[in-house]
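Structure record follows, encoded as C-alpha cells.
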Amino acid sequence: MTVIFDLEGERIKTEYDKSKLSLGSLVHVTRAKDGSPHFRTKITSGSLPYSVHWISPSNWYVELTDGWKPPEGMVKRIVKALGDLIEEDVVRAALDECRSDIPLEKTYLTEVYEKSRANQIAAVAERLHLVEALSDSMVAKALFAHFEALVIYLLLTCFDLLGQPAPWKDFSSWLDSPEPDRSALSGDDPIKQAKQLRAQWSAKYGARNSFYRFLNEVLPASVLAALLDSFDIIINTNPPDICTQMANNQQKKAFLYSMRNRYTHRALFIKGTHPDILDPIISNATKLRQEQYFGKRDWKTLVTKNWPDPIRAAVKRGLVCLIEQIANKGDQQNIASEH
C-alpha cells in the first residue's frame with residue numbers, strides 16, 4: 001500500500017501498512033548509506049522515532065514530526081514583547097527545553113500544547129503585544145475611560161498565568177492523575193469529600209494561589225516592591241469616629257487580586273484614560289488618581305501612580321524570570337548528561 005511520507009520537508013513515496021497509521025502513531029525511520037530513508041512499524045537498530053502529525057486520506061499524504069518545534073516567528077514575537085530585557089538565544093533555549101512537555105505521540109493534540117510551558121510563555125507575550133496595540137493613541141482614544149481598566153485587567157490575568165505550576169492541570173485531569181491524596185479525605189459524605197479534593201487542587205493549580213505565587217515567588221523582590229509602591233490604599237473608619245491607617249503589602253496584594261476578579265466576574269472597574277488622550281496639563285494629573293470604596297465599617301481611598309506602567313513592568317520581568325528559569329534548567333540538564 002503506497003503512502004507519501006513528509007519527512008523534514010522531503011516527500012517520499014513508499015510502501016507502508018496503512019492500518020498502522022493514525023494521528024500520534026510512531027513511525028521508525030532508518031537511513032541507508034546513501035541517506036535514503038526507510039520506514040518501519042517497529043523499532044530497529046539505529047532507527048529514529050517520528051510521530052504522525054497529520055494524514056490526508058485522499059492521497060495518503062502523511063506528515064511526520066520528531067517533536068514539537070516553535071512555529072515560525074514565535075521566538076521573534078517573544079523577544080519583541082520583552083524588548084532589550086532578554087536575548088534571543090535564551091528564548092530559544094527555553095523553548096527547546098519546553099519540548100519535553102509535549103510527548104512525541106501527542107504533538108498533534110491542541111490540549112497538550114495549551115498546557116505546556118511554551119504556550120504559557122507565548123500567551124503572556126501575545127498579551128503584552130495586545131496591551132501595546134491597545135496603547136496606540138487612536139485605539140486608546142476610542143476606548144477612552146475604559147482604556148486603563150482593560151489594560152490592567154489583561155495584565156493582571158498574566159499574574160496567575162505566570163504563577164501556574166508546569167505542567168498545569170485542570171480539575172478533571174488532576175482527578176485522573178496520581179496526584180490527589182485520597183488518604184487525606186475524611187468522612188463518608190461525597191459532597192464534603194468533593195470539597196476536600198477541590199481544596200487540594202486549588203492549593204496547587206487554582207487561580208488565586210497562582211496569582212500569589214507569581215507575586216511571592218516569581219517576581220524579584222525589587223520589582224514586587226516597585227509594583228506595591230505604585231499605589232496606596234488609605235483606610236478610614238466611617239464617621240463619626242474616623243481613624244486612618246495605610247494598607248500593608250498583604251492588603252495591597254489582595255486588592256490587586258480583587259481588581260482582577262471584579263472585572264472578570266462583575267464587570268466592575270476603575271475608569272482611566274491613556275495619559276496622551278487629554279490635555280498634557282490634565283493628563284499629568286490623571287497619573288495620580290484617587291478612587292473611593294465605601295463599606296459598612298470603613299471607606300478606602302485608592303491612590304495610583306503612573307498606572308498601568310508598573311503593572312506592565314511586573315509582567316515583563318516575570319516573563320523574563322520564567323524564560324530564564326526554564327533555559328537554565330535545560331543548561332543544567334545538558335551539563336549533567338555530559339558528565
Dipole of the chain, positive end: most advanced residue of 44, 216, 75 [Cβ charges, Cα centre]: 216
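What is the chain's relative contact order, in percent, from Cα pairs under 8 angstrom and six or more apart in sequence?
Details: 480 pairs, mean separation 57.4, N = 339.
Result for the chain is 17 percent.
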Any idea how far apart residue 221 and residue 89 come out in nm if each label point goes 7 Å out from Cα toward Cβ? 3.1 nm
Round to the nearest 0.05 the FRET efficiency obtained for residue 100 and residue 246 when R0 = 51 Å and r is the Cβ-Cβ distance. 0.65
Under 24 Å from the Cα of residue 192, which lysines turn up, not counting those fewer than eight places away in the same chain? 169, 204
Please report how far the C-alpha centroid of segment 220-256 lies from that of segment 82-132, rounded to the nearest whole angstrom. 35 Å
Per the helix-only model, the chain has a calculated mean residue ellipticity at 222 nm (DSSP H runs of ≥4, -39500 (n - 2.57) each, divided over all residues, rounded to the nearest 500) of -14500 deg cm²/dmol
Do the alpha carbons of any pairs in 271/300; 20/106; 252/300; 18/42; 271/305; 80/106 sit beyond 18 Å of each other, and which pairs? 80/106
Dipole magnitude of the chain about its Cα centre (Cβ charges: Lys, Arg +1; Asp, Glu -1), debye to nearest 20: 880 debye
Spin-label pair residue 234/residue 4, simplified geometry with 7 Å Cα→Cβ offset, distance in nm: 7.3 nm
In whole Å, how far is the Cα centre of segment 138-160 from that of segment 35-76? 42 Å
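Each value in this text was obtained by applying a stated rule to the coordinates, not by laboratory testing. Note that the structure is predicted; figures quoted are calculated from it, not measured. Neighbour counts run over all protein chains shown; Cβ positions are idealised from the backbone, glycine included.
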